[in-house]
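Take a look at the structure below.
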Amino acid sequence: MMKIALVGVGGISGAHIPAWNSMQDAELVALCDIRPEQMEKYPEQRHYTDFDQMLEAEQIDILDICLPTYLHADFAIKAMNKGIHVLCEKPISLNREDVKRVGEAAKANGVKFMVAQVLRFWPEYEIVKTLYDQKTYGKLLSGSMTRLGCYPKWSWDSWMMDEKRSGLVPFDLHIHDVDFMVYAFGKPNKVTDYRARRPEQDYINAVYEYDGFFITTEASWYASPYPFSAAFRFQFEHAVVAWEKGEMTIYEENGKIWNPVSTDAANDTGNIGLPKSDAYANEIRYFADCVKKDEEPAKVDLSELETVIDLLKSL
Ligand SMILES: NC(=O)c1ccc[n+]([C@@H]2O[C@H](COP(=O)([O-])OP(=O)(O)OC[C@H]3O[C@@H](n4cnc5c(N)ncnc54)[C@H](O)[C@@H]3O)[C@@H](O)[C@H]2O)c1
């Protein structure tokens, strides 16, 4: 049984904690947050308000870091230096030097380290990569990826609204789509971007050019209470592949329209179909399996994350 601890019991921990709790071969034994009230709803775990004390007191195999971005690298290295495997929320850092630092710490201590870049484990996005790799519908011609929402005034200590601590829209939100592009298509040849920024809002429109195709993107924290939405639309030579309002649809040139990610067996062609699943649980399962099998978590390549940081810094 793998013993797990999680630090940073804020917004995103609400996706990680149920995933750990649902696993048969892992036990979430401890939580740490400087605000004790954050942990009250998890009476099954031991609670700590001091990270060092938790590391001293607990014998854990894996640490899951859900802290604000600016704390990720140092907390990860501290745990790895104690021989603990680390799964860390995105982004690893606002600085590419930290990617090297965590990579070296993992190597030196013989432990696994992975950044939880969740779109790499999201069935709808995984299918786009497969269609692109296999040229199922011919070449990719264009893509559109959007991730829109309003200013995150709710974060602890307003850290998300502080550029030095969160990196604002590029590193907090747009990173998801840029990470997917780098993972699926590699490094773009050219980026053209426009940004509308005020103290209480941040909007980016950027075009990423590749050989033979381009991806247009939008990411926002609007000042108005605009609801969160994420979507994509990819134009292949022989099909349009869209994920809109949470539903993925393939519109084939020959008139066939179908959903490749479904709980409906009748829809599953057994070809490129995947079941609907929780991407956060998928990434956590993947990392835990890598630890169990003593395999590198190669699905989230650290050198790709350096490319992502370089691209986001240029916006
Ligand atoms: N993958 C995703 O879809 C996704 C979504 C949201 C957030 N995130 C990432 O997750 C991270 C956390 O974001 P969030 O929205 O949960 O933030 P949050 O502000 O809601 O939570 C952060 C928590 O960390 C605690 N904390 C701060 N300093 C601490 C310390 N020194 N020791 C222990 N606890 C401490 C705070 O009290 C707070 O509860 C960010 O890096 C963010 O980019 C990822």
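Figures for the structure shown
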read-out: Per-region count, the stretch 85-98, residues away from the ligand (no atom under 15 Å from the Cβ), surrounded by fewer than 22 Cβ atoms within 10 Å (Cβ to Cβ) and touching a residue at least 40 places away in the same chain (Cβ under 8 Å); value: 1
read-out: Single unsatisfied condition, S22 versus (1) within 12 Å of the ligand (Cβ to nearest atom); (2) more than 17 Å from W156 (Cα to Cα); (3) of a type in the set (S, T, Y); value: (1)
read-out: Filter result (more than 24 Å from H16 (Cα to Cα), in contact with a strand residue (DSSP E or B) (Cβ under 8 Å, 6 or more places away or on another chain) and part of a helix (DSSP H, G or I)) within the stretch 106-142; value: V128, L131, Y132
read-out: All helices (runs of 4 or more DSSP H) inside the stretch 8-97 with 3 or more residues being within 30 Å of S314 (Cβ to Cβ) and in contact with a helix residue (DSSP H, G or I) (Cβ under 6 Å, 6 or more places away or on another chain); value: 72-80
read-out: Hits in the stretch 104-130 - residues which are over 30 Å from I204 (Cα atoms) and away from the ligand (no atom under 16 Å from the Cβ); value: E104, A105, A106, K107, A108, N109, G110, V111, K112
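Conditions tested, residue by residue: (1) out of contact with any strand residue (DSSP E or B) (no Cβ under 8 Å at 6 or more places or on another chain); (2) under 23 Å from D133 (Cβ atoms).
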site	(1), (2)
N189	no, yes
T192	no, no
R195	no, no
R198	yes, no
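Results for (1) away from the ligand (no atom under 14 Å from the Cβ); (2) surrounded by 22 or more Cβ atoms within 10 Å (Cβ to Cβ), shown as yes or no for each residue.
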{"site": "T49", "(1), (2)": "no, no"}
{"site": "D64", "(1), (2)": "no, yes"}
{"site": "L67", "(1), (2)": "no, yes"}
{"site": "Y70", "(1), (2)": "no, no"}
{"site": "Y132", "(1), (2)": "yes, no"}
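Coordinate-derived values only; no laboratory data. In this text the structure is predicted, and so the values were computed from the model without any measurement. In this analysis, Cβ positions are derived from the backbone assuming ideal geometry, glycine residues included, and neighbour counts consider all displayed protein chains.
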